[in-house]
1. Taking the options A11, A61, name whichever one is among the small types (G, A, S) and out of contact with any strand residue (DSSP E or B) (no Cβ under 9 Å at 6 or more places or on another chain).
2. Can you list residue pairs whose Cβ atoms sit under 6 Å apart, with the first residue in region 1-16 being closer than 12 Å to A30 by Cα and the second being among the basic types (K, R)? Count only pairs 6 or more apart in sequence or on different chains.
3. Can you spot a residue in region 43-62 that is among the aromatic types (F, W, Y) and in contact with a helix residue (DSSP H, G or I) (Cβ under 9 Å, 6 or more places away or on another chain)?
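What follows draws every value from the coordinates through simple rules; no lab data is involved. Remember, it's a predicted structure, so these values are computed and weren't measured experimentally. Reconstructed Cβ throughout: ideal geometry from the backbone, glycine too, with neighbour counts over all protein chains shown.
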Amino acid sequence: MRATLRAKAIAICDKKIAQKGETVGLSFYAFFANKNDDPDLLMEAAEWWIKTHKLDHFEKAAKIRNLISSGT
């Protein structure tokens, strides 16, 4: 996952956790606007989420933040 996407995803996870608590869930779509303005980046996130980590559609934001922070 490229550094810009990694930083954005961590920031979004932190924001969601701050707003709704440690148990808040999200999907990789949370990292993007409602427009498909960067399909390559969207596919990169989808591949990381689905193919690499075999995550469910919704996962705990804290789990995602920890995975991304650890570099996996």
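1. A11
2. That search, which allows pairs on different chains as well, returns I10/R65; C13/R65.
3. Filtering region 43-62 for residues among the aromatic types (F, W, Y) gives 48-49, 58.
Those still in the list that are in contact with a helix residue (DSSP H, G or I) (Cβ under 9 Å, 6 or more places away or on another chain) too: 48-49.
Scanning region 43-62, I find at least one residue that is among the aromatic types (F, W, Y) and in contact with a helix residue (DSSP H, G or I) (Cβ under 9 Å, 6 or more places away or on another chain), so the answer is yes.
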